[in-house]
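Here the structure comes first, spelled out in structure tokens, and everything after it is commentary.
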Amino acid sequence: MGFKYRLAYYLVGLVIGCFFVAMVFQGKDTRCNYFPNARVLNDLRNKPFYYSEEASKALADKVLDSADVKKILTHGDIDFDLSNVPYQNGKLYVIEGRNYEDRPITVEVVNYSDKAMLKTVKIN
């Protein structure tokens, strides 16, 4: 069998294999969160999210918007030197990010087993 035929069989098999892989993963909401930062942020986003009184005041004073909180929980960086500290039956995480006006903001989020709570907001 010549090289052309072997190449043709290989390419046909590759296309069929890619088709089946695409079919399997098409309807699934799969994520590859291997790094600690991505895993913690994904965990915080998937839990019911609540605001403390101080954070509610910051939202009322237009210091921060709920869209900014979502952006920080999606693209923020966790400072693990200050985070993962036990705090009132949960763990405290310090997340640094930017709002939609590109101002640096630091938020403290408490991660409980069944919910997440925004504790404080600091504008840097």
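The values are calculated or read from the model by the stated rules, or taken from the named source; none is laboratory data. In this text the structure is predicted, and so the values were computed from the model without any measurement. All Cβ positions, glycine included, derive from the backbone under ideal geometry; neighbour counts span all protein chains shown. Quick note on the areas: whole protein, heavy atoms, side chains included, nothing else; ligands and nucleic acids left out. Shrake-Rupley method; radii C 1.70, N 1.55, O 1.52, S 1.80 Å.
Counting only protein heavy atoms and using a 1.4 Å probe, what share of the accessible area of the chain belongs to carbon plus sulfur, as a whole percent?
Values: 5070 of 8900 Å².
Roughly 57 percent, rounded to a whole number.
Quick check for you: with a 1.4 Å probe and neighbouring chains kept, what is the accessible area per residue of the chain, in Å²? Kindly include the intermediate steps, with their values, before the conclusion.
Working: 8900 Å² over 124 residues.
Accessible area per residue: 72 Å².
Taking the Cα centre of the chain as the origin, how large is its charge dipole in debye, to the nearest 20, when only Lys and Arg (+1) and Asp and Glu (-1) carry charge on their Cβ atoms? Walk me through the numbers before you get to the answer.
On the way: 17 positive and 15 negative charges, 144 e Å.
Its charge dipole is roughly 700 debye.
So which lysines can residue 57 reach, going by Cα to Cα under 17 Å and dropping same-chain residues fewer than 8 places off?
119, 122
Provide Rg and Dmax in Å for the chain, with only Cα atoms included in the calculation.
In order Rg, Dmax, the Cα atoms of the chain give 22.0, 76 Å.
What FRET efficiency comes out for the pair residue 15/residue 80, r = Cβ-Cβ distance, R0 = 41 Å, nearest 0.05?
On the way: r = 44 Å, r/R0 = 1.07.
Given R0 = 41 Å and the Cβ-Cβ separation, E is 0.40.
Based on Cβ point charges of +1 for Lys and Arg and -1 for Asp and Glu, what charge dipole magnitude is obtained for segment 1-68 about its Cα centre, in debye rounded to the nearest 20?
Values: 9 positive and 7 negative charges, 135 e Å.
Approximately 640 debye in magnitude.
Kindly provide the helix-only [θ] at 222 nm of the chain, computed as the sum of -39,500 (n - 2.57) over DSSP H runs of four or more divided by all residues, to the nearest 500 deg cm²/dmol? Don't skip to the end; give the middle numbers.
Numbers: 4 runs with 51 residues, N = 124.
That calculation yields -13000 deg cm²/dmol at 222 nm.
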